[in-house]
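Notes follow the structure.
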Amino acid sequence: MDTLIAPENTWLLLALTCGVVAGAIWLEQTYAWASRISGAVLALIAAIVLVNLNVIPSHAPIYDDMIWGYAVPLAIPLLLLQANLSKIWQETGRLLFIFLIGAAGTVCGAVLGCWLLGSRIDGLAKVAAMMTGSYIGGGVNFVALADAFHTEGTLVSATVVADNLNMAVYFLVLLKCVSSAFFQKHYPHPHMDRVAREGREGAQTQAAAYWQAKNISLKDIALDLFYAVAVVTLSQNLGKMLGAAIPAGSGLGHMANTFFSSQYVWITLFSMGFATFFEKQAAALAGAQEIGTYFIYLFFFAIGVPASILEILRNAPLLFVFCFLMVLVNMAFCFVGGKLFHFSLEDIVLASNANIGGPTTAAGMAISQGWTSLVGPSMLVGTFGYVIGTYLGMVVGGILGA
């Protein structure tokens, strides 16, 4: 079907994409309701609306070549500059522990969902792998696993749509848990008590305060981009070399070829190693988090464009059930594990949020609730999810025969 903006009109599509992302960030940093949803989700919703109104095409070179081909790979090393493993353990030991309990819940939910629904959804093993990575790390891991398992575009878009609806329900449930008298009675909540004692500034200013202006020079931007490009270049070439060297047979050979030939495996490994063993140099790269996060917002817009209403009605309902089951098992692990090991309610909901939504939504929730001391830790453990999400997704995909 013809659209208002043609697929070949790259500059107009780029202007619209950047405009939507800018608007989403502005809303997130201006209004409390938008900060709770997150700018990334707002950009994705805007893309779905625009494509279903036939304003923009569902496929265009800008999405495949520019955003998927360049912006997403470059975002990963920039965001993983915070993935210093020793720092994550020192500063977020307890939160990391409950985060790992939630990650185990995500894996169990994926296996359980495939056992219950595998015969009714074609390609569900690939979806399980993608959503394991996404519900431990984030959208970056989803992309990596979709590429690694060569998932069909229609299945990817249907999964994205199901995940979008699931995430909206999930965030509402999490916020309800925070305000629930039942959960406040059965779990300690020191950060909510502190906010109640001290009061809180208007929630609409919290996100803006977190992303406040920093001193960033031209040199910082140059070094950030050089570092990211160097890591992606090295990772791509190493992945291609190992992919050609490792026989792509069946069983373990196929798993090994898929794993070691993926550029995202090496991007993650090199980025994590640099952040851990060259901490001072990583910390000196000012502006990397902002640039990487902006690229991820572009990615969220891009993954919304293949989602047509017809695809939702035809494929998404059972996929929504599958995703919702994964979330329920994750939350069950977090709340039961949190009770057994005496975690606070804030730690539990942020760990689950960092699993399911990723570091930005977890930090956004901490910001919106006024839990300022938990913003950094939730961002760090969510970033750690980027590190392990792709690996665990590949393990799940291999076990389920993806």
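Leaving out ligands, DNA and RNA, what percent of the accessible area of the chain is carbon and sulfur, probe 1.4 Å? The C+S portion of the solvent-accessible surface of the chain is 68 percent.
Which net charge results for the neighbourhood of P57, defined as the other residues with beta-carbon distances under 11 angstrom from its beta-carbon, given Lys and Arg at +1 and Asp and Glu at -1? Please list the in-between numbers first.
Working: positive: none; negative: D2, E8.
Charge balance in the 11 Å sphere: -2.
Computed log10 I(q)/I(0) for region 320-402 at 0.14, 0.18, 0.19 Å⁻¹: -0.52, -0.82, -0.90, from the Debye equation with unit scatterers placed on every C-alpha and solvent omitted. Close lysine pairs were tallied over the chain: pairs 8 or more places apart or on different chains with Cα atoms under 23 Å apart number 8. Rounded to the nearest whole Hz, the Karplus-based 3J(HN,Hα) values (6.51 cos²θ - 1.76 cosθ + 1.60, θ = phi - 60°) of region 325-340 follow the sequence 5, 4, 5, 4, 5, 4, 5, 4, 4, 5, 6, 5, x, x, 5, 5, with x at glycine and proline.
Sort the chain into rounded, prolate or oblate with this rule: let a ≥ b ≥ c be the square roots of the eigenvalues of the Cα gyration tensor; rounded if a/c is under 1.5, and if a/c is not under 1.5, prolate when a/b is larger than b/c, oblate otherwise. Cα axes put the chain in the rounded bin. Solvent-accessible area of C177, all protein chains in place: 10 Å² (probe radius 1.4 Å, heavy atoms, ligands and nucleic acids excluded). Taking a sphere under 13 Å around the Cβ of P7 and counting the other residues whose Cβ falls inside, with K and R at +1 and D and E at -1, yields a net charge of -4.
Computed over protein heavy atoms with a 1.4 Å probe, the accessible surface of the chain works out to 43 Å² per residue. Charge tally around Q289: other residues with Cβ under 11 Å, Lys/Arg +1 each, Asp/Glu -1 each, net -1. Taken over region 33-176, the ratio of Cα radius of gyration to 2.2 N^0.38 Å equals 1.16.
Each 5 Å bin, from zero up to the one with the longest distance, holds this percent of the alpha carbon pairs of region 11-51: 6, 28, 30, 22, 10, 4, 0.
Heavy-atom accessible area for H189, with the other protein chains in place and a 1.4 Å probe, reaches approximately 40 Å². Peptides 163-172, 72-81, 387-396, 235-244 ranked from most to least packed, by the mean per-residue count of other Cβ atoms within 10 Å: 72-81, 387-396, 163-172, 235-244.
When the chain is treated as a GNM with alpha-carbon contacts under 10 Å, the residue of L234, L380, L350 showing the greatest mean-square fluctuation is L234.
The values are calculated or read from the model by the stated rules, or taken from the named source; none is laboratory data. Quantities reported herein were computed from a predicted structural model and do not represent experimental measurements. Every residue, glycine among them, receives a Cβ derived from its backbone with ideal geometry; neighbour counts consider all protein chains shown. Protein only, heavy atoms only, side chains kept; ligands, DNA and RNA dropped before computing areas. Shrake-Rupley method; radii C 1.70, N 1.55, O 1.52, S 1.80 Å.
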